[in-house]
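Data first, discussion second: the structure below is written as C-alpha cells.
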Amino acid sequence: MDCDGRIWWGKSGNNVPAPKLFLNELGDGITPTTLWKHEEVGHNQDAKREYIAVFGAAAFGTPEPERLMERILHIATHPDDLVLDSFLGSGTTAAVAHKMGRRWIGIEMGEHALTHCLPRLRKVVDGEQGGISAAVGWQGGGGFACLQLGAPLFDADGEIHPEVRFADLAAFIWLRETGSALASPHSAAPTASTASPLPTSWLGTHQGTAYHLLFNGVLGDRRPAGGNVLTSAVLALLQADHPHHGPRVVYGEACLLGPARLAAAGLSFKQLPHAVPR
C-alpha cells in the first residue's frame, strides 16, 4: 500500500501510518466517520434524564441515551431483525429495539434484570413516551417473555447435573430430536408425598416416531432395574402406556434387551447421557 501511495505518514513523515481513500474511489456519498456529536445521539445527561423519567430516580449508574442506540440499530439492522444484548444493563438496547420494530433478546445476570429491566420494558410495551418514542412514533404494543435459566443440564464431565428434573431433560431432548418446543410440560417423578397417578415416560410423537425418556424414576421406581433401565417389563409398560405402531426412541441409563428384541419392537435405544444430542 505504501508503494502505491496509499499510506499517509503525516506532514513530517513520521506519524502513525493511516490508509488513504481517494476521491475517485468513493463513488456516490461521503466517507463515513466515527464522530457522532452529542447533539445528534445524546450524552450521559440525556441518558440520566431519560432514566429518571421512567423510574423517578437515577438508580442505574451508566445508562446510554436512546438516540445513541437508535443510531447504531438504524445502521446495523432492519425491521424484524433480531438484536442480541448479552449485557442488558438498564435495558436501553432492548427498549430502543422494541420501539424501532426489531425483535430482541436481552441477557442479564444481575438482580436489576428484574428490578429495572423488566419494569422498564413493560412501560415500553404500555407506550411510554420518553427517549426516542416521539421521534419514531411509538405508541406501545407488542410484548416479551421473561425467562430465568435454571441449573445446567450437564456438569463439567458431561454427566447429567444432579439438580436436573425430568421435565427439563425431556424438553431438551425433544428440542434436539425434533427442532421444536415440547408442547406441554410433563410431570416429574412422584415423591413420597405425591398421591397422583404415575406420570408417563412418553414425550410425544414426531413424524411417526414416539419418544420416551426413562429418567429420575419417572415410572415410579428409582431402583436401576425398576424404571431407568429398559427391560422386558419396562418395555411392556411403555407399550401399554402409549400404544404405538410405528418406531420408538427410548432414552435411558441402560438397556438389557438384545438387538433382535429391539428390532422386533421397532425400538431404538439411546443411552444417557452420552447419546443426548448436544
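A few points about this structure:
- The numbered conditions (1) in a helix (DSSP H, G or I); (2) of a type outside the set (A, V, I, L, M); (3) modelled with pLDDT under 85 are all true for residue 71 except (3).
- The number of residues in the stretch 111-129 that are at pLDDT 95 or above and among the acidic types (Asp, Glu) comes to 1.
- Scan the stretch 119-166 for residues that are open to solvent by 30 Å² or more (accessible area, probe 1.4 Å) and not in a loop (DSSP other than H, G, I, E, B) and the total you get is 10.
- Filtered residues of the stretch 1-24 (kept if at pLDDT below 85 and open to solvent by 100 Å² or more (accessible area, probe 1.4 Å)): 21, 23, 24
- Pair list, Cβ under 6 Å, 6 or more apart: the stretch 261-278 residue closer than 20 Å to residue 175 by Cβ and in contact (Cβ under 8 Å) with a residue 60 or more places away in the chain, other residue open to solvent by less than 60 Å² (accessible area, probe 1.4 Å) and in a strand (DSSP E or B): 272/251; 273/160
- Single residue of the stretch 210-219 satisfying the filter (at pLDDT 85 or above and of a type outside the set (A, V, I, L, M, F, W, C)) that is farthest from residue 175 (Cα to Cα): 212
- Residue in the stretch 102-110 that is over 21 Å from residue 140 (Cβ atoms), surrounded by 21 or more Cβ atoms within 10 Å (Cβ to Cβ) and either of a type in the set (Asp, Glu) or modelled with pLDDT of 85 or more (or both) present: no
Condition check ((1) at pLDDT 90 or above; (2) surrounded by 13 or more Cβ atoms within 10 Å (Cβ to Cβ); (3) of a type in the set (S, T, N, Q)) across all residues:
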| site | (1), (2), (3) |
| --- | --- |
| 187 | no, yes, yes |
| 221 | no, yes, no |
| 229 | no, yes, no |
| 251 | yes, yes, no |
| 257 | yes, yes, no |
| 264 | yes, no, no |
| 278 | no, no, no |
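- Applying the set (1) open to solvent by less than 30 Å² (accessible area, probe 1.4 Å); (2) touching a Ser or Thr at 6+ places or on another chain (Cβ under 8 Å); (3) more than 30 Å from residue 277 (Cα to Cα); (4) not hydroxyl-bearing (Ser, Thr, Tyr) to residue 116 leaves exactly one unmet item: (1).
- Of the residues 85, 81, the single one that is in contact with a Ser or Thr (Cβ under 6 Å, 6 or more places away or on another chain), modelled with pLDDT of 95 or more, under 24 Å from residue 141 (Cβ atoms) and not basic (Lys, Arg) is 85.
- So residue 193, is it open to solvent by 60 Å² or more (accessible area, probe 1.4 Å) and either at pLDDT 90 or above or assigned to a loop (DSSP other than H, G, I, E, B) (or both): yes
- For the stretch 162-179, the set of residues classified as modelled with pLDDT under 90, more than 17 Å from the chain's Cα centre (by Cα) and not small (Gly, Ala, Ser) consists of 162, 163, 164, 165, 166, listed by residue number.
- Residue ID - farthest from residue 67 (Cα to Cα), chosen from residues in the stretch 25-39 that are modelled with pLDDT under 75 and open to solvent by 100 Å² or more (accessible area, probe 1.4 Å): 28
The values are calculated or read from the model by the stated rules, or taken from the named source; none is laboratory data. This one's a predicted model, so the numbers in the text were calculated from it and none came from an experiment. Cβ atoms come from the backbone with ideal geometry, glycine included; neighbour counts cover every protein chain shown. Protein only, heavy atoms only, side chains kept; ligands, DNA and RNA dropped before computing areas. Shrake-Rupley method; radii C 1.70, N 1.55, O 1.52, S 1.80 Å.
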